Amino acid sequence: MSAPLLAGLTRIRLINLRELRTHRLRVLTSLSVVVVSSALLIAVLGTYGSMTESVRQFNASISGAAKLEVTAIGDAGLDAGIAGEIRARVPGARAVVPMVRGTARIGPDTTAGGAGDDDRTVPLLGSDFRVSSLSGDLRKAVADSGNQEGFSRDELADGVIVGPRTGLTKGQTATVNGTVVTVLDVVSGDTLNGGAFMFAYLDLAQRLTATQGKLDSVLIVPRDGVPVAQLRTEITRIVDGRAAVVDPGYRAKQLETATSVTRDATLLVSLISLVISAFLVFNTMNMAVASRRQSMAMLRALGAKRGHLVADLLGESAVYGLVGGLIGVPLGILGGRVTVSQGSGDSSHGMVMQYHLPVSAPVIAVLACVLACVAATMLAARSVFAVAPVEAMSQGEVAESAAQRTVARWAAGLLGAAVIIGAFIVALQVPGRSAIVAGAVYAVGVLLLCYALTGQLVWLVVRVANLFSGPGRLAAVNTDRAPRRAWATLMTVAVAIAVGMGTSGALANMVSSMSGSLDGLDDPDFYVASQPLGELPTDPLLAPAIAEQIRQVPGVASVSEGQWATVNVGEARIIVQGLTADALAPFMKKSPPEARRQMLAGEGMVFSKVLARTLDVSTGDTVRLATPTGYRETRVLATVDYVSMESGTAAMSLDLLRDWFDRDGATYLQVMLSEGADADQVRAALERIAEQNPSAGGAPVDVHSGAQAIESSKQLVEQSGAFTVAIQWIVSGAAAIALLNTLLLSVIERRRELGVLRAMGASRRFISRMVLAEAAAVAIVGSATGLLIGGVLHWLADKILSATTSVGVEYSPQPSTLLFVAVAMGLCLLGALVPAMRAARLNISESIAQE
Amino acid sequence: MGDQTVRALDGLDLTLPGGQFASVVGPSGAGKSTLLHVLGALDTPTSGTIIVDGVDLGSLDDTEASAFRRTRVGFIFQFFNLVPTMSAWENVALPRLLDSQSLRKAKPRAVELLERVGLGDRIDHRPAELSGGQMQRVAIARSLIMDPAILLADEPTGNLDSKTGQSVLELLGEVAHDREREAGRLVVMVTHDAGAAAFADTTITVRDGRVA
């Protein structure tokens, strides 16, 4: 290590870092928010990284050596004959492996838990002997059970191979999806979905999933030396739009898209938290420069270069970022693990999520914290240039120069204004997820602008303090002498209020706007659906008889059938809703009347704005979709606001959906009651019918009300804002501690001066009122500033959320704003009580004698 | 100061050779401290030339002035100005650290200087554990570590009792007459105490910004 670098590190260790011990509370406050920022980043990256990595690993463990996958366009699956066509006409394919992928619901009377437990669900995989061509864990798992030739045709007809986490034992008889099967073997290891899986021979798998004659996909293993691109071209030609030819890893990409909104919203909160922690570090360093002025002057007198002092300050702040970032990493990992373990296996498909943190994540988090802290300190470090070495010759605190550092302030002001304008442009003009950075950009711009307006803000505090008569006038003098401290305190109040207002206001508006975008969802009295509440009923189809039975129930006025279907458009996944003329749905309410008429007549489709953006189309364009029955062309009749799901949502005529996607039936029913009907009685009847008519493969049918449906959607949105609420409280807590610390310090540093005042006859009451007046003035100006910043942040956040969710989030001020202001002011005054009492109780003689 | 122009030094003409202990006395506001400031490149004169140890101080930029203060001048402050979080030897070695040198390599010389000023048994003590006189001795040792040609002391005994002050003044005298240094060392002490001034070889009286 070079001598200058070593000397610099030694200076930082001996002078800067040791000095921190005398300001423990201030250091801890700033450090805590850095820790939170780092932990949040890690938690977000770990949680969402785990989701996609778990899916990727699961798929990789199945596909093994396969380089291409021919996948069904929709939920109806693809014709099993496609595999034979590919085998016959594509010599470059070494293996063409048929795959069935579904869900195995293991009945409660056959699991280790015994009778009375709920069904256990695990992924169900089905294939034939060709699965041995895949070198993945599936082949290994199946091969481990002895080779399949060891099992007779009869055994394979109703026998399954399972992983150890299914709770089944070898030789056991189990009821799976309503069918009795025999467990042929339990393979060891947990590489395949953590050991929670079931494998059946193709015929049995098709029976268990009620997809006879159909496959979910075909995996292609190329011959050595055959280019994948060539293979893709040949297969695409053969498939001719009846299926999609994709990379086997496409499911992970689809999941990334599906979770992108909540992931990015949480990342936004993490970024804002990072900006706030940088602000608190800036405050700490700013005040440190002020309090260390004397020692810095001494160092300058001894010959220290200004550049060295600046570098030492930046090094000190880098230590903040490094230490805070590193402490946050294990906390973030813990938070991510808890989130992942809570979500694992809960889905209706039995997918086990395993925690996975990208290797780069801790590096990114720590680097982000270091950079944020160093960047924040750069402004504060400029003050070093104002320290004259001659100041070392005088004793006592040197009053801060009233002269503005004009160039720096102007530069900060202009840059801040430009950055704020940039944030607005991004939020209003940039569609999609990129708009998320606008929130953090705005926060940076505002802080720069407020730094530039330090003089003006402090002037306001002085004016307000003067309103509190005698003690207030002295408080005003103190404020004028220490503008840096006053600014730091009022900005802490402002930031706490702005973050609270902006984030909670935007969250509240998003919840109500999303409910608005789903207007119509709660119109039906009841839903009868093939999936439980909270999951979109895309499959399986309901039993055909169920609709007619429900129509016969006394009190039922009408039953409307509908389908939700997932459709693969290339590697993207979209959701399509099939509607009838009597359907009650948000799409029906949002579509212009003519577009609605045309859609129901089968003349086109209505797209959500997200889908239109995904496919790069607009109203009037013609779109070519691949369907199980071949390519179809359709016109985009309208684009509407619709809450983002997967890569987008569309609506079409139910008849057309059934025809194109080869799915006759319904996945949900809308039930309307007659006037005066007893809702509870009707519901009970619906539940009886649902229990008696499970869907294909024995899947249970769910009954819930329209009100429950919309409430469930609201809860999902609120959950995604949970991080936001946590951030608010953390920032408010940090602000309160920072306030207390600053006010305490101001008393300690002015000990001699306060002692002189007392010696001159000021009463204890006068002294304590002086401290309180200072706090009150800061609180008032800080609150007003916070209201202004927070109000704009709230509006901007609404625009950002509109861009990312493609739902128009309506701005609406929240009464809770007043609560934030009241709490902030209360904390200010509460935080000033202890310093005020301390100031009033100083020993006069000791205070005057103190140097 | 503020909007007013104050001539702290007005046509002062002075030559001080090395190897002597000079005291600068005068009434309050005479310009004593200002003289010290310009000699130490802490301040620059509005007009005139200051040559210290062959260097024209008026021609120096901030970096050069910092280097001058670091290597050619030693400062002794009235209120000691030790770093409270550093030990005695670390405080003595501080100028070397500011010169981007290794602290560890500076330690032997720092310890030697502390022994010279009678604090060989206090090398690891922090300022809070030292008396006023001991702190000033540490400051003197610090001022010597770069072997400067000039030491500038601003009221070095102003915060000490008479007995301790006397020992500090004797030490300054020894430093000025340091036979180990061929060119000698100039010690300039500003004081308002006539008794302290008596320890010096020469006394310069400054009045109204001029040498009286």
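Hey, A:Leu367 hits all of (1) surrounded by fewer than 19 Cβ atoms within 10 Å (Cβ to Cβ); (2) modelled with pLDDT under 80 but one; which does it fall short on?
(2)
I'd like the full set of residues that are facing chain A (nearest Cβ under 7 Å) and closer than 14 Å to A:Met298 by Cα, limited to segment B:62-85.
Those that are facing chain A (nearest Cβ under 7 Å) and closer than 14 Å to A:Met298 by Cα: B:Ser66, B:Arg69, B:Arg70, B:Phe75, B:Phe77, B:Phe79, B:Asn81, B:Val83.
Do you know which of the residues in segment B:27-65 that are of a type in the set (S, T, N, Q), closer than 28 Å to B:Met135 by Cβ and out of contact with any helix residue (DSSP H, G or I) (no Cβ under 7 Å at 6 or more places or on another chain) is surrounded by the most Cβ atoms within 10 Å (Cβ to Cβ)?
Only one residue tops the list, namely B:Thr34.
Go through segment B:97-120 and give me each residue that's modelled with pLDDT under 90 and either more than 10 Å from every other protein chain (Cβ to nearest Cβ) or closer than 26 Å to B:Asn159 by Cβ (or both).
Answer for segment B:97-120, where residues must be modelled with pLDDT under 90 and either more than 10 Å from every other protein chain (Cβ to nearest Cβ) or closer than 26 Å to B:Asn159 by Cβ (or both): B:Leu97, B:Leu98.
When you go through A:Arg56, A:Arg13, A:Arg26 one by one, which is the residue that is within 27 Å of A:Val329 (Cα to Cα) and either among the acidic types (Asp, Glu) or within 14 Å of chain B (Cβ to nearest Cβ) (or both)?
A:Arg13
Give A:Val245, A:Val261, A:Val281, A:Val228 a once-over and let me know the one that is surrounded by fewer than 24 Cβ atoms within 10 Å (Cβ to Cβ), β-branched (Val, Ile, Thr) and at pLDDT below 85.
On the way: A:Val245 fails: at pLDDT below 85; A:Val281 fails: surrounded by fewer than 24 Cβ atoms within 10 Å (Cβ to Cβ); A:Val228 fails: at pLDDT below 85.
One residue alone meets the criteria, A:Val261.
Testing A:Arg21 on (1) within 14 Å of another protein chain (Cβ to nearest Cβ); (2) surrounded by 17 or more Cβ atoms within 10 Å (Cβ to Cβ), one condition comes back false. Which one is that?
Going through (1) within 14 Å of another protein chain (Cβ to nearest Cβ); (2) surrounded by 17 or more Cβ atoms within 10 Å (Cβ to Cβ) one by one, A:Arg21 breaks only (2).
Does A:Arg463 count as modelled with pLDDT of 80 or more, part of a helix (DSSP H, G or I), farther than 28 Å from A:Arg765 by Cβ and among the basic types (Lys, Arg)?
no
Quick check: is even one residue across segment A:301-313 among the small types (Gly, Ala, Ser), in contact with a Lys or Arg (Cβ under 7 Å, 6 or more places away or on another chain), crowded, with 22+ Cβ neighbours inside 10 Å and within 14 Å of chain B (Cβ to nearest Cβ)? So that I can check it myself, show each step before the final result.
Our first condition is that a residue be among the small types (Gly, Ala, Ser); within segment A:301-313, this holds for A:301, A:303-304, A:307, A:311.
Next, from what is left, pick out any that are in contact with a Lys or Arg (Cβ under 7 Å, 6 or more places away or on another chain): A:301, A:303.
Adding the requirement that they be crowded, with 22+ Cβ neighbours inside 10 Å leaves A:301, A:303.
Still in the running and within 14 Å of chain B (Cβ to nearest Cβ): A:301, A:303.
Looking for residues that are among the small types (Gly, Ala, Ser), in contact with a Lys or Arg (Cβ under 7 Å, 6 or more places away or on another chain), crowded, with 22+ Cβ neighbours inside 10 Å and within 14 Å of chain B (Cβ to nearest Cβ), one finds at least one in segment A:301-313, hence yes.
Out of all the residues in segment A:205-224, which are among the aliphatic types (A, V, I, L, M) and not in a loop (DSSP other than H, G, I, E, B)?
If the condition is that a residue be among the aliphatic types (A, V, I, L, M) and not in a loop (DSSP other than H, G, I, E, B), then A:Ala205, A:Leu208, A:Leu215, A:Val218, A:Leu219, A:Ile220, A:Val221 are the ones that fit.
Scan segment B:150-172 for residues that are away from chain A (no Cβ under 14 Å), in contact with a Leu (Cβ under 9 Å, 6 or more places away or on another chain) and among the aliphatic types (A, V, I, L, M) and report the count.
2
Residues that are in contact with a Pro (Cβ under 9 Å, 6 or more places away or on another chain): find the helices (runs of 4 or more DSSP H) completely inside segment B:125-212 holding 2 or more of those.
B:132-144, B:162-176
Mind telling me which of the residues A:Ala39, A:Ala66 ends up being closer than 30 Å to A:Leu744 by Cα, at pLDDT 85 or above and buried (at least 24 other Cβ atoms within 10 Å of the Cβ)?
None of the other options fit; the residue is A:Ala39.
For every residue, the table says whether it meets (1) surrounded by fewer than 17 Cβ atoms within 10 Å (Cβ to Cβ); (2) farther than 14 Å from B:Phe21 by Cα; (3) in contact with a strand residue (DSSP E or B) (Cβ under 9 Å, 6 or more places away or on another chain).
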| position | (1), (2), (3) |
| --- | --- |
| B:Asp154 | no, no, yes |
| B:Asp161 | yes, yes, no |
| B:Thr164 | no, yes, no |
| B:Leu171 | no, no, no |
| B:Thr191 | no, no, yes |
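Restricting the search to segment A:279-300, which residues are out of contact with any helix residue (DSSP H, G or I) (no Cβ under 6 Å at 6 or more places or on another chain) and within 10 Å of another protein chain (Cβ to nearest Cβ)?
A:Gln294, A:Ser295, A:Leu299
Kindly evaluate A:Asp655 against the criterion of being in contact with a helix residue (DSSP H, G or I) (Cβ under 6 Å, 6 or more places away or on another chain) and touching a residue at least 40 places away in the same chain (Cβ under 8 Å).
Spelling it out, it is not the case that A:Asp655 is in contact with a helix residue (DSSP H, G or I) (Cβ under 6 Å, 6 or more places away or on another chain) and touching a residue at least 40 places away in the same chain (Cβ under 8 Å).
The values are calculated or read from the model by the stated rules, or taken from the named source; none is laboratory data. None of these values were measured; they are calculated from a predicted model. Methodologically, a virtual Cβ is constructed for each residue, glycine included, from the backbone with ideal geometry; neighbour enumeration extends over all protein chains shown.
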